[in-house]
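One structure below.
The numbers here are math on the coordinates, done by the rules we state, and not lab data. As the structure is a prediction and not an experimental result, all values here were calculated from the model. As a convention, Cβ positions derive from the backbone with ideal geometry for all residues, glycine included, and neighbour counts pool all protein chains shown.
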There are 2 protein chains.
Amino acid sequence: MVQFSRSLDTSFAALADPTRRDVLLRLARRDASISDLAGAFEMTLTGMKKHVRVLEDAGLVTTEKVGRVRWCRLGPRRLDRENEWIAKYQSMLEARYDRLGEFLERTREDHP
Amino acid sequence: MVQFSRSLDTSFAALADPTRRDVLLRLARRDASISDLAGAFEMTLTGMKKHVRVLEDAGLVTTEKVGRVRWCRLGPRRLDRENEWIAKYQSMLEARYDRLGEFLERTREDHP
DNA sequence: GTAATACTGAACCATATGGTTCAGTTTTCG
DNA sequence: CGAAAACTGAACCATATGGTTCAGTATTAC
C-alpha cells in the first residue's frame with residue numbers, strides 16, 4: 001500500500017458508489033436533510049447517514065445540525081485534485097500516442 | 001443501490017487505490033509485465049495480478065499473454081466518462097454559486 | 001405533557017478488498 | 001532432459017462496505 005494521496009483514495013472511493021454520486025448531484029441543486037436524502041433514495045436514515053459520512057470524510061460535503069435536523073451541503077472540496085489527476089493521466093496518454101505517431105512517421109520515411 | 005452507471009462504479013473504485021493509480025501512470029510511460037509491476041511496487045505476483053484484473057475489469061488496461069509473460073498496456077478506456085462526470089458536477093456547482101450571487105445582488109438592491 | 005419527527009449508535013449480516021502463501025502449469029534456457 | 005522464470009488459482013486472513021434493525025436521545029408540534 002502506498003502512503004501518499006490519501007485524499008484521492010477517499011474521494012475516488014466516495015465517487016465509486018452510484019447513490020453517493022447522485023447525492024452529490026442532488027446537493028448541487030439544493031441543500032437537504034438526511035431525511036430528504038433517505039426519502040429520495042428509498043433508504044433508511046441510518047443507511048443514508050453512513051453515505052453522508054463517507055462524503056464528509058472525503059471533504060465533499062459538510063453538515064450542520066440545526067434543531068433536530070442535520071443539513072447537508074456541498075463543500076469544501078470541489079473535486080479539483082481528482083480532475084487534475086485524470087487530466088494528467090490523459091495528457092500522458094496523448095503524449096505517448098504522439099510519440100507512437102512520430103515513430104510510425106519515421107518508420108515510413110525509412111522504408112517508403 | 002442504484003442500477004445504472006456500473007462503469008463509473010468500477011472505474012472510480014479502480015482509481016481509489018494508490019497502487020492502481022501508480023500502475024496506470026507507469027503503464028502510460030511504457031507497457032509492462034506482471035513481474036515488472038510486482039517488482040516496481042514490491043508486491044507478490046499474485047497481488048499485482050489482482051490489481052491488474054481490477055483495472056482490466058474497469059476497461060482501463062488490456063493484457064495479452066505472450067509465451068510465459070503477460071503484457072499489460074493501457075486501454076481501451078481513457079477515463080473520459082469519469083472526466084465528464086466531474087466536469088458536470090463542477091459546472092452545477094458553479095451554476096449554483098452564480099444563482100447565489102444573483103440572489104445576493106437582488107437582496108442588496110431590495111434593501112440598499 | 002404527550003406524541004411524532006429526526007437523528008444517532010450499536011450490533012449484525014453478507015459480500016468485497018487487499019493482501020499473503022502454497023501448490024501447481026507453462027515456457028524458456030542451458 | 002532438468003532447472004529456472006512467469007504466471008495462475010485456491011485458500012486464507014483481516015478489515016471495509018453497504019446495507020439492515022432496534023433501541024435510544026433530542027426537538028418540535030399539538
For the range B:15-29, in residue order, the Karplus 3J(HN,Hα) values (coefficients 6.51, -1.76, 1.60; θ = phi - 60°; whole Hz; Gly and Pro = x) are 6, 6, 10, x, 4, 5, 4, 5, 4, 4, 5, 5, 5, 5, 7
Residue-ordered couplings for the range A:71-76, obtained by feeding phi - 60° into the Karplus form 6.51 cos²θ - 1.76 cosθ + 1.60 and rounding to whole Hz (Gly and Pro as x), are 8, 10, 9, 6, x, x
Set A:Lys50/B:Lys88; A:Lys50/A:Lys88; A:Lys65/A:Lys88; A:Lys49/B:Lys49, cut-off 29 Å on Cα-Cα distance; pairs above it are A:Lys50/A:Lys88; A:Lys65/A:Lys88; A:Lys49/B:Lys49
With chain A reduced to its Cα atoms and the Debye formula applied, log10 I(q)/I(0) at q = 0.12, 0.23 1/Å amounts to -0.54, -1.22
The answer for A:Ala32, listing residues at least 5 apart or on another chain whose modeled amide H is closer than 5 Å to its amide H, is A:Cys72
Computed over the range A:42-86, the Cα gyration tensor eigenvalues, each multiplied by 5 and square-rooted, give semi-axes in Å (largest first) of 24, 13, 7
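Could you give the Stokes-Einstein D for the range B:1-65 in µm² per second, using the C-alpha Kirkwood radius, 37 °C, 0.692 mPa s? Kindly include the intermediate steps, with their values, before the conclusion.
Values: Rh = 12.3 Å.
The estimated diffusion coefficient comes to 268 µm²/s.
How high is the relative contact order of chain A, given as a whole-number percent (alpha carbon pairs under 8 Å, six or more residues apart)?
Working: 87 pairs, mean separation 27.2, N = 112.
About 24 percent, as a whole number.
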Zone reached by a paramagnetic label modelled 7 Å from A:Lys65 Cα along Cα→Cβ, restricted to the range A:31-51 with backbone N below 15 Å, covers A:34-35, A:46, A:49-50
For the pair A:Asp57 and A:Arg30, the simple spin-label estimate (label points 7 Å beyond Cα toward Cβ) gives in nm 3.1
